[in-house]
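Chemist: Have a look at the structure that comes next, please.
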Amino acid sequence: MPTVADLIVTALADHGVTHVFGVVGDALNPVTDSIRREDRLEWVGVRHEEAGAFAAGAQAQLTGKLGVCMGTVGPGAVHLLNGLYDAKKSHAPVLAIVGQVPRPDIGSDFFQEVNNDVVFSDVSVFHATLTDPEQLPHLVEQAGNAALQQRGVAVLTIPGDVGGLDVPSHTAVPSFVAEHPVPQPADAALDAALAAVESGQKVTMLVGQGVRESRDDVLALAERLAAPMVLTLKAKEGLERDNPYEVGQSGLLGNPAATLAFETCDVLLMLGTDFPYREFYPSGKTVVQVDVDGSHIGRRHPVDVGVVGDAGTAVRWLLPRVSPREDRGHLDHSREAYTTWLDLQQHFVDPDYDQNKMGFIRKRLDNRDHKIRPELLAGLVDRHAAHDAIFTTDTGMATTWLSRFVRFTGTRRLLGSFNLGSMANAMPQAIGAQALDHGRQVVAFCGDGGLTMLLGDLLTIASHELPVKLVVFDNGRLGMVKLEMEQVGLAEYGTVLHNPDLAAMAQSMGIHGIRVTDPHDLEAAVEEAMTHDGPVLLDVVTNPDEIAVPSKPKLSQGWGFAIAKSKEIVTSAE
């Protein structure tokens, strides 16, 4: 006779789940034993439950199906929280199965007991405790369907004496509704959007991940409007390749061309984006925002016309109705600024940059120790990575270099903690991505701070023989925090990391390690890492003082840097 655990595990396998990430523990032993007996599922034992939650979230984002992680009673469940918050803010359907003390002990402050319903109430769209086999299949179906339909986290708690209970013979295996109907925009809202777009000659498009699946239609609309297209970071995947209208990103990752496209337009058309940085939006423009979630309309920037519904559908409705713009000056001007900026950036992708005329003076200001520039590393990875590679990136400077130097050609995918902004996400997300397909290249852009935070899960990569390519920007700093301090005139403090030889450490764990300190050795090392048949950690000692100028720099930021640097020089001399 099947048990509670058996029905849950069978339901997951029937849905198409292939991996469950977690750390084993007594309360969930019946569940892990059922996974052991289910050939369609693989148990991935991570060294920290947070890594398991990140990995599950990565799989959910890549497949659209449930990602599944587990944490046993008390601290095991609590350790999942950061990765689950990332799934929540990334709108990833994740089911977390968590343990609880046996039913008679609930509420008695038993050893390791925590109140899961309270702990997970903010992170989840659904949470419940399964206390009786009679609650099957409906409670499990509620959890899975809530995660899938609301694109969020469902938490199912199983007390230690419940998972192994037999279920009545007539009990159906839980099943989930995976279909996700797309909301259609209202005709009146589309009419208002059309009138607003027609009210100005110069249109700039701010495009997000909500229209990644409507690439051809979005490009056709840009052509008809002669509109430069500012891409959010999450829109690089799918919309950056072969796009003659894009002008890169705005915000801290951006460039002057995106600012120009914003500042010189009459109409800003926002499609499928909730770009959060208010200070980078232009003022005095007619703004149209199309988003599938009505609560997103106007929450970042004032909007003249809001359209609630699928942005791709709205684009297809607008396309035959908008007037073609004969004057392409706005697009051409923005694109010229963008290509000029791109050309200037490519100077950094030269191992001899610090020796030529342009770099000689700069190195005396920001690279006196002649370390490898991170731009060079990012550019070489872009050159040698596969056209269908999945990239993951840590929050911070690693994301800056990926944004500026990795082009999402072919069918490349991108994952990061772009909404939560957590440290230490790139490596565990790469674990989840690589577990799905051992034959597809997965490249993780890791900060040294992020990697070392969850360093133990290098052992997960080794033990499961996951051929992940870990590219470590080893600058001995919490780089983004250092930058934030210096922008406001503070000397960096508490940001220095005393790292070991990370490549040697990887070698000791059974992972091929490569360490590079000379820019002239870097291309060969990157090529070796990308072609190695197995997991690799590429440890590149990079310049900690590299500055990424935002798309809209302020005089106060420059003054802040000057003050900060003077403080740092004085401190170092003491």
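Chemist: If I take R0 = 45 Å and measure r between the Cβ atoms of Ser169 and Glu528 in this structure, what FRET efficiency does the formula 1/(1 + (r/R0)^6) give, to the nearest 0.05?
Modeler: Details: r = 58 Å, r/R0 = 1.29.
The value I calculate is 0.20.
Chemist: GluC sites (Glu not before Pro) within the stretch 114-180: which are DSSP loop residues with at most 11 other Cβ atoms inside 10 Å? Walk me through the numbers on the way to the answer.
Modeler: Numbers: sites: Glu134, Glu141, Glu179; in loops: Glu179.
The qualifying sites are Glu179.
Chemist: Something else: DSSP loop GluC sites (Glu not before Pro) in the stretch 433-512 with at most 13 other Cβ atoms within 10 Å of their Cβ, which ones?
Modeler: For GluC sites (Glu not before Pro) across the stretch 433-512 that sit outside H, G, I, E and B with at most 13 neighbouring Cβ atoms in 10 Å, the list reads Glu465.
Chemist: How high is the relative contact order of the stretch 187-339, in percent, counting Cα pairs under 8 Å that sit 6 or more residues apart?
Modeler: Relative CO of the stretch 187-339 lands at 32 percent.
Chemist: Now for a different question. Positive end of the dipole of the stretch 4-159, charges at C-beta (+1 Lys, Arg; -1 Asp, Glu), about the Cα centre: which of Phe21, Gln59, Asn116 has its Cα farthest in that direction?
Modeler: Gln59
Chemist: With a sphere of radius 9 Å drawn around the Cβ of Gly272, what net charge do the other residues whose Cβ falls strictly inside it have (Lys, Arg +1; Asp, Glu -1)?
Modeler: Every neighbour counted, the sum reads -2.
Chemist: Follow-up. Under 10 Å from the Cβ of Arg335, count the other residues' Cβ atoms, weight Lys and Arg +1, Asp and Glu -1, and hand me the total. Kindly include the intermediate steps, with their values, before the conclusion.
Modeler: Numbers: positive: Arg328; negative: Glu246, Asp332, Glu336.
Net charge in that neighbourhood comes out at -2.
Chemist: If you don't mind, there's one more thing I want to ask. For the chain, which DSSP H helices look membrane-span-like by this rule: Cα extent along the axis of 18 Å or more and mean Kyte-Doolittle of at least 0.0?
Modeler: Span-like helices here: 49-63, 555-573.
Chemist: Looking at the square roots a ≥ b ≥ c of the eigenvalues of the Cα gyration tensor of the chain, which shape do they give, rounded for a/c under 1.5, prolate if a/b is larger than b/c, or oblate?
Modeler: oblate
Chemist: Dipole of the chain (Lys/Arg Cβ +1, Asp/Glu Cβ -1, origin at the Cα centre): which of Leu219, Gln150, Leu344 lies farthest to the positive side?
Modeler: Leu344
Chemist: Within the chain, what's the longest stretch lacking trypsin sites (Lys or Arg not before Pro) that sit in DSSP loops with no more than 11 other Cβ atoms inside 10 Å? Could you put the intermediate results ahead of the total?
Modeler: Working: sites that count: Arg368, Lys554.
Segment 1-367 is the longest.
Chemist: Still on this model: Restricting to Cα pairs below 8 Å that are 6+ residues apart, what does the relative contact order work out to for the chain? Please round to a whole percent.
Modeler: Once divided by the residue count of the chain, the mean separation gives 12 percent.
Chemist: Lys and Arg at +1, Asp and Glu at -1: add these up for the other residues within a Cβ distance under 12 Å of Leu156 and post the number.
Modeler: Numbers: positive: none; negative: Asp117, Glu141.
The answer is -2.
Chemist: Extension gain Ile106-Tyr493, at 0.36 nm per residue separation less the Cα-Cα distance, in nm?
Modeler: 134.8 nm
Chemist: Which FRET efficiency value, to the nearest 0.05, do you get for Ser508 and Val182 by plugging their Cβ-Cβ distance into 1/(1 + (r/R0)^6) with R0 = 45 Å?
Modeler: Once rounded, the FRET efficiency stands at 0.35.
Chemist: Just want the answer: with Cβ charges of +1 for Lys and Arg and -1 for Asp and Glu, which residue in Ala462, Gln201, Leu420 is farthest toward the dipole's positive end in the chain?
Modeler: Of the candidates, Gln201 comes out farthest on the positive side.
Chemist: For the chain, with only Lys/Arg (+1) and Asp/Glu (-1) charged at the beta-carbon, what is the dipole magnitude about the Cα centre, in debye rounded to 20? Please report the intermediate quantities before stating the final value.
Modeler: Working: 46 positive and 74 negative charges, 301 e Å.
It works out to roughly 1440 debye.
Chemist: Related question: Are there any chymotrypsin sites (Phe, Trp or Tyr not before Pro) in the stretch 435-517 that are in a DSSP loop and have at most 15 other Cβ atoms within 10 Å? List them by number.
Modeler: On the way: sites: Phe445, Phe473, Tyr493; in loops: Tyr493.
Within the stretch 435-517, the qualifying chymotrypsin sites (Phe, Trp or Tyr not before Pro) (loop, at most 15 other Cβ atoms within 10 Å) are Tyr493.
Chemist: Using Cα pairs under 8 angstrom and six or more residues apart, how large is the relative contact order of the stretch 4-159, in percent?
Modeler: Computed value for the stretch 4-159: 23 percent relative contact order.
Chemist: Mind giving me the FRET efficiency for Ser323 and Asp122? R0 is 60 Å, r the Cβ-Cβ distance, nearest 0.05 is fine. Before the final figure, lay out the partial values.
Modeler: On the way: r = 47 Å, r/R0 = 0.79.
FRET efficiency, Ser323 to Asp122: 0.80.
No value in this document is a laboratory result; all are computed from the given coordinates. Predicted model, so just to flag it, every value in this text is computed and none were measured. Cβ: placed from backbone, ideal geometry, glycine included. Neighbour counts: every protein chain shown.
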